[in-house]
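Taking it in order: structure first as structure tokens, then the write-up.
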Amino acid sequence: MDPVTTRSRTAQTSGARDPGEQRFVKHAMAQPLLSREDEASLARRWKDDRDEAALHRLTEAHMRLVISVAARYRRYGLPFSDLIQEGNIGLMKAAERFEPERDVRFSTYVTWWIRSCIQDYVLRNWSIVRTGTTSSQKSLFFNLRRLRARIGDLDGAALTPENRQQIATGLGVRERDVDAMAARLSAADRSLNAPVGEDEQMQWQDLLVDETVAPEDEVMDRTDSERRKAWLGQAIGTLNDREQLIIRERRLCEDSSTLEQLGKRLGISKERVRQIEGVALEKLRNVLIERFGDPADSGLLPG
């Protein structure tokens, strides 16, 4: 018996309980298999002439393959009808892209598309937290449990360094990615509204700490910063041009200039630049103390 037929009949007996699913599976199983020549002929008629009757027969004959592949992913807890629907999308994509002139069976080609669409659906819906979309992450998601079972590592327990390295080498991924996926697969989604405590009067979200700045503190910080900036601007305005240049280049620029650079720019020695800088800082301090109090307390100037 054809292996696809065997797997599909297994899916039929153990899978669909919903009447709609049962009718779909029964209809799919009743469709005749196609020979290589029939596949190629129908594919050419669709590709060259856009013959919808040929497309319909080609896809209907491979519905059993959709059911077979979808049945392998039922353990992820998603509705079987949704898995079948995603597999059908893959089937239609394969029919659109198949090139009958290549020496490849349509059934071989379509299997990849069906599996890819179903896997993408599982990754999108298995958890509210995105699990991963790269090829290495998909490989980890769908193969980690199988590899752990093969090497005798208890699923759910922490990975040993040796097993982590073995799995990473086998799948061609980084060890830290193996750790991250193992932790993700062993954790379940939890509702923020789930009750906690003996009396269940609290919710899980009540225990979460908000590490962001409170709105009122943010407004106060922004107001204080703008006020300090205005005060410093007024104080700098009391300096002469050379003093202002040295203070801005030495104290207010992200990439401050060196004493030597400023000395060459102003035509003076770097020691003279240091002296002017000291005098200018003292002037600023006196102005700020006179008008606004100790500048060191407000962070305007170093104490």
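The values are calculated or read from the model by the stated rules, or taken from the named source; none is laboratory data. Treat the numbers as computed from the prediction; the structure is a model and nothing was measured. Methodologically, a virtual Cβ is constructed for each residue, glycine included, from the backbone with ideal geometry; neighbour enumeration extends over all protein chains shown.
Couple of notes before you dig in:
- Output for segment 250-260, where each listed residue is surrounded by 14 or more Cβ atoms within 10 Å (Cβ to Cβ) and not small (Gly, Ala, Ser): ARG250, ARG251, LEU259
- ALA40 vs. criteria modelled with pLDDT under 90, closer than 20 Å to SER107 by Cα and either in a loop (DSSP other than H, G, I, E, B) or among the small types (Gly, Ala, Ser) (or both): no
- The residues of segment 48-63 that are over 23 Å from ARG115 (Cα atoms), of a type in the set (D, E, K, R) and in a helix (DSSP H, G or I), listed by number, are ASP48, ASP49, GLU52.
- Breaking point among (1) outside any helix (DSSP H, G or I); (2) touching an Asp or Glu at 6+ places or on another chain (Cβ under 9 Å); (3) modelled with pLDDT under 90, for LEU33: (3)
- Among the candidates LEU34, LEU58, LEU78, residue that is in contact (Cβ under 8 Å) with a residue 12 or more places away in the chain, surrounded by fewer than 21 Cβ atoms within 10 Å (Cβ to Cβ), of a type outside the set (Asp, Glu) and in contact with a Leu (Cβ under 8 Å, 6 or more places away or on another chain): LEU34
- The residues of segment 265-279 that are surrounded by 14 or more Cβ atoms within 10 Å (Cβ to Cβ) and out of contact with any helix residue (DSSP H, G or I) (no Cβ under 6 Å at 6 or more places or on another chain), listed by number, are LEU266, ILE268, ARG272.
- Inclusion of PHE106 among residues that are in contact with an Asp or Glu (Cβ under 7 Å, 6 or more places away or on another chain), crowded, with 19+ Cβ neighbours inside 10 Å and of a type outside the set (A, V, I, L, M) is warranted.
- Positions within segment 280-303 being closer than 19 Å to GLN244 by Cβ, modelled with pLDDT of 80 or more and either of a type in the set (Ser, Thr, Tyr) or surrounded by 12 or more Cβ atoms within 10 Å (Cβ to Cβ) (or both), in sequence order: ALA280, LEU281, LYS283, LEU284, ARG285, ASN286, VAL287, LEU288
- Here the condition is being farther than 30 Å from GLU39 by Cβ and at pLDDT 80 or above; of VAL122, VAL104, VAL173, it holds for VAL173 alone.
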